[in-house]
Amino acid sequence: MHPTIIPALSRRQSDETDASPRVRQPHFECRDLAPALQLDVYVPGVEAGDVEITTRGPDLVVRARKPQRVRPNWRALHLEAAQHDYELKLRLGLGFEFTALHADMRDGVLHIVVPKRQSGVARIHARRVA
């Protein structure tokens, strides 16, 4: 059984007055290896210390912050999108050991390896509600 990778729903389009930080989805490649899933996320211009990887249930979220080289109140033609931070949201499923996730950064490429669970079936934890 191969994992299903579904990119997050497209972000809503907002106008320039939106107070939330602007992000863009980085390009990425995925390889389904026998023992793990390998992701290569392309985040040029980002240092390893500015990358945050979080998991929540079946979701993996990668945030990479670019250094702001231009004053925030100054805008140049076609430079706005280049200054946006990266954010990648993937729903990988429950068949992975996110606690054993390994990541390293080389030459603007974030390499992430997520081991698969040993059992072929994902464990579902049920909680009894009183």
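The values are calculated or read from the model by the stated rules, or taken from the named source; none is laboratory data. All values reported here derive from a predicted model rather than from experimental measurement. Please note: Cβ atoms are built from the backbone with ideal geometry, for glycine as well, and neighbour counts cover all protein chains shown.
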* Structure fact -> Expected output for the stretch 31-60 (first residue at negative phi and among the basic types (Lys, Arg), partner part of a strand (DSSP E or B) and buried (at least 17 other Cβ atoms within 10 Å of the Cβ), Cβ below 9 Å, 6+ apart or cross-chain) is Arg31/Leu37; Arg31/Leu39
* Asked: Which pairs do you get when a residue that is within 16 Å of Ala48 (Cβ to Cβ), found in the stretch 82-108, comes within reach of a residue that is surrounded by fewer than 17 Cβ atoms within 10 Å (Cβ to Cβ) and among the small types (Gly, Ala, Ser), reach meaning Cβ atoms under 6 angstrom, with the pair 6+ apart or on two chains?
  -> Met105/Ala48
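Which ones in the stretch 55-107 are among the aliphatic types (A, V, I, L, M), more than 17 Å from Val23 (Cα to Cα) and at pLDDT 90 or above?
Step one: list which residues in the stretch 55-107 are among the aliphatic types (A, V, I, L, M), which gives 60-62, 64, 70, 76-77, 79, 81-82, 88, 90, 92, 94, 100-101, 103, 105.
If we keep only those that are more than 17 Å from Val23 (Cα to Cα) as well, we get 76-77, 92, 94, 100-101, 103, 105.
If the condition is that a residue be among the aliphatic types (A, V, I, L, M), more than 17 Å from Val23 (Cα to Cα) and at pLDDT 90 or above, then Leu92, Leu94, Ala100, Leu101, Ala103, Met105 are the ones that fit.
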